[in-house]
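Enquirer: Dumping the structure here so I can ask a few things about it.
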Amino acid sequence: MIDGRAREIDHLRLSLIDHCNLACRYCVPEGARPSRQMIDASFAFELVRWLSRYHGVRHVRLTGGEPLLYPDLIPLVRRLASLAQLNEVTLTTNGQALTQKATALCEAGLSRINVSLDTLNPDRFAHVTRGGRVEHTLRGIEATIKAGLTPVKLNMVVQRGLNDDEIVDAARWGLELGCVVRFLEVMPIGPLAHVIDDHLVPASEILDKLSEAYRLVPIPQSPGQPAVDYAATSGTSRGVIGIIAPTTRPFCERCRRIRITSHGAMVVCVHDSRCLDLADCWDGRRLDEHRANEVLKTAIMDKPAQGSRSQSLTMIALGG
Ligand code: SAM
């Protein structure tokens, strides 16, 4: 599928549920009450089947809200993993419930897991997530590795004054376990766009800190990969470290992604509030592919060259 600016689109982020068991301060506004909207599992499956069969989608990432809270997750992963045209089905999670689900996800055919882990410190974790328990996520990561769903990718959103003194420790901890460790800039999204004013740590600074501890050799990027990865070495600590810089080095010209929210709306750019409704194309049993094709065509032709920073939705509603 080629968009209106000649970019190939082959990645889908599918939000299964807009509810989360954490409420990270840069993701969920104070007092926000998500609607607990879940996408119907058959609708989700039919959307992916249609996009992979007719429109070249090859990579699907399940997200939310918190996808591990989605009741039909394991059967849905099993069905998606059976789609011949998909190269991978991956999932992004806060890991709080991973211990219970890792083996089942692996057996269902999930390709890989990204775990969001902003700090290793229990008090900081509880503060950033408004009440989460870091030990649950750490045990979940270990369970995932034990289940053989490797390499686990750890994602740390670096925030000034909150966790920017933990960059090297997080890299060391994750590499020791054989994880790929990725550091992300915080993004200005929706009502929380102002958080970057206080908390943005630019990728250049993250890289400087890592370079003091590690020898970093860039690894060529694959198409659609937002992270710049490095082979990292420091004594016996070695592995892959990635940096994702959507705020200071946006990768819009290489963006190959579309999103579908848990409300069944298509979003073609995380920074643009335009949504196109696909829910109207679903009657509870069948996807009206003809109508869905029309929606997709309009959405893809309008995918902006660059994010205009006009997004009104929060990340938790969009599907991060
Ligand atoms: N609950 C799951 C999780 O925690 O990974 C999936 C949904 S969450 C919205 C997906 C990712 O978006 C997380 O890694 C989170 O850190 C990231 N995220 C949310 N808001 C962000 C922001 N303003 N800037 C950068 N990353 C953000």
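Enquirer: Kindly express, to the nearest 10 degrees and within the range 0 to 90, the angle between helix 167-176's C-alpha long axis and the longest C-alpha principal axis of the chain.
Expert: Its long axis makes an angle of about 80 degrees.
Enquirer: Considering only DSSP beta bridges whose two residues both sit in the chain, what percent are antiparallel, to the nearest 5?
Expert: 40 percent
Enquirer: Also: If you average the sequence gap of Cα pairs under 8 Å that are 6 or more apart and divide by the length of region 1-102, what percent do you get for the contact order?
Expert: Relative contact order, region 1-102: 33 percent.
Enquirer: I've got another one for you. Kirkwood hydrodynamic radius of region 200-320 from all distinct Cα pairs, in Å?
Expert: About 17.0 Å for region 200-320.
Enquirer: Now for a separate question. Work out how much length residue 290 to residue 205 would gain on full extension: take 0.36 nm times their residue separation and subtract the Cα-Cα distance, in nm to one decimal.
Expert: Working it through step by step, the gained length comes to 25.7 nm.
Enquirer: Divide by every residue of the chain the summed helix terms, -39500 (n - 2.57) for each DSSP H run of at least 4, and state the resulting mean residue ellipticity at 222 nm, rounded to the nearest 500 deg cm²/dmol.
Expert: -9000 deg cm²/dmol
Enquirer: Over the chain, average the accessible area per residue using a 1.4 Å probe and give it in Å², no decimals.
Expert: Accessible area per residue, the chain: 43 Å².
Enquirer: Sort by residue number and report every cysteine in the chain with no other cysteine beta carbon within a distance under 4.7 Å.
Expert: Lone cysteines by the Cβ rule: 20, 106, 179, 252, 255, 269, 275, 281.
Enquirer: Starting from 0.36 nm per residue, how many nanometres of slack lie between residue 87 and residue 217 once their C-alpha separation is accounted for?
Expert: That pair, residue 87 and residue 217, stretches by 44.1 nm at full extension.
Enquirer: So, one more: How large, in percent, is the carbon and sulfur part of the accessible surface of the chain at a probe radius of 1.4 Å?
Expert: Carbon and sulfur together cover 50 percent of it.
Enquirer: If you bin the C-alpha pair distances of region 11-318 every 20 Å from 0, what whole percents do you get?
Expert: That works out to 33, 61, 6, in percent per bin.
Enquirer: Can you return the lysines within cross-link range of residue 101? Criterion is Cα-Cα under 22 Å, with same-chain partners fewer than 8 residues away left out.
Expert: Within the straight-line cut-off, residue 101 pairs with 146, 153.
The values are calculated or read from the model by the stated rules, or taken from the named source; none is laboratory data. Bear in mind the structure is a predicted one, so any value in this text is a computation, not a measurement. Every residue, glycine as well, gets a Cβ built from its backbone with ideal geometry; the counts of neighbours run over all protein chains shown. We work out accessible area using only protein heavy atoms, side chains counted, and drop any ligands, DNA or RNA first. Shrake-Rupley method; radii C 1.70, N 1.55, O 1.52, S 1.80 Å.
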